[in-house]
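Notes follow the structure.
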Amino acid sequence: MLIGVLHGPNFNVLERRDPALYGGLSLHELEARIRGWGEELGCDVLCRQTNSEGEYIEWCQELGESGDGLIVNPGAWSHYSYAIRDALELARGPVVEVHLSDVDNREEWRRRSVLMEIAAHRVVGKGPEGYREALEFLVRR
Ligand code: DQA
């Protein structure tokens, strides 16, 4: 079982973002944890990050086709990118939307997700553990 984990803009500097919201981990550390949980659950995990929306869309298309499930945290794009939503709609397997912070209880503009309706599952505000929940959901499916 192959699961793609796709991070969007500003995750390359995750360790510099507000630790009260994002936990203070680097992307490298976060991805190492995710890969470790993947191993425990017996699945292959492919992690990628980009600040370019076009590249993100291409990965959604590619891994949506070749993978068995996707975990996406497109950062701020989650709140307005219909192009990413359209790309994710093509995915063969289920899509899980994850946010480290509790976006549903932050600024008004973060409460809106254009991915919500196409996601099979959504995890917000659980920090890195949210990715474990997402992996467990996909493995169970
Ligand atoms: C985020 C929440 C988004 O609103 C924000 O733009 C991010 C991170 C999260 O994981 O909590 O970049 O997706």
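Derivation of every value follows stated rules applied to the coordinates shown; laboratory data play no part. Because the structure is predicted, anything quoted here is derived from the model rather than measured. Methodologically, a virtual Cβ is constructed for each residue, glycine included, from the backbone with ideal geometry; neighbour enumeration extends over all protein chains shown.
For Ile71, the residues 5 or more places off, or on other chains, whose built amide H falls under 5 Å of its own are Gly4, Val5, Leu6, Val96.
Based on the mean of other Cβ atoms within 10 Å per residue, sort peptides 7-13, 17-23 so the most packed one is first. Walk me through the intermediate numbers first.
Numbers: 7-13: 17.7, 17-23: 13.6.
By packing density, highest mean first, the sequence is 7-13, 17-23.
Going by average Cβ neighbours within 10 Å, how do the peptides 71-80, 37-46 rank, with the highest at the top? Before the final figure, lay out the partial values.
Working: 71-80: 20.8, 37-46: 15.5.
My ranking of the peptides, most packed first, is 71-80, 37-46.
Can you tell me the dipole magnitude for the chain around its Cα centre, using point charges on the Cβ only (Lys, Arg +1; Asp, Glu -1), in Debye to the nearest 20? Let's see the in-between values first.
Values: 16 positive and 24 negative charges, 58 e Å.
Rounded to the nearest 20 debye, it is 280 debye.
So for the chain, what percent of the C-alpha to C-alpha distances run longer than 21 Å? All intermediate terms of the calculation are to be shown ahead of the outcome.
Details: 3396 of 9870 pairs.
Across the chain, Cα pairs with separations above 21 Å total 34 percent.
Taking 0.36 nm per residue of sequence separation and removing the Cα-Cα distance, the Arg111/Gln61 pair yields an extension gain of 15.4 nm.
Could you work out [θ]222 nm for the chain from helices alone, using -39500 (n - 2.57) per DSSP H run of at least four and dividing by all its residues? Round to the nearest 500 deg cm²/dmol.
Numbers: 5 runs with 53 residues, N = 141.
Calculated mean residue ellipticity at 222 nm is -11000 deg cm²/dmol.
Here the contact order of the chain, divided by its residue count and restricted to Cα pairs under 8 Å and six or more residues apart, works out to 26 percent. Comparing mean-square fluctuations of Arg16, Arg48, Arg35 from a GNM of the chain with C-alpha springs under 10 Å, the top value falls on Arg16. Applying the Karplus relation 6.51 cos²θ - 1.76 cosθ + 1.60 with θ = phi - 60° to the stretch 83-91 yields 3J(HN,Hα) values of 5, 5, 4, 4, 5, 6, 4, 7, 4 Hz, where x marks Gly and Pro. When each of the peptides 116-122, 98-104 is scored by how many other beta carbons lie within 10 Å of its residues on average, the order from highest to lowest is 98-104, 116-122. Note that the stretch 72-77 has calculated 3J(HN,Hα) couplings of 10, 10, x, x, 4, 4 Hz, one per residue in order, obtained from phi through the Karplus relation 6.51 cos²θ - 1.76 cosθ + 1.60 (θ = phi - 60°); glycine and proline are x. Taking amide H positions as modeled 1.01 Å from N, with prolines and chain starts lacking one, the residues under 5 Å from Ser101 and 5 or more places away or on another chain are Gly125. Annotation for the stretch 75-128 versus the stretch 34-60: alpha-carbon center distance of 15 Å.
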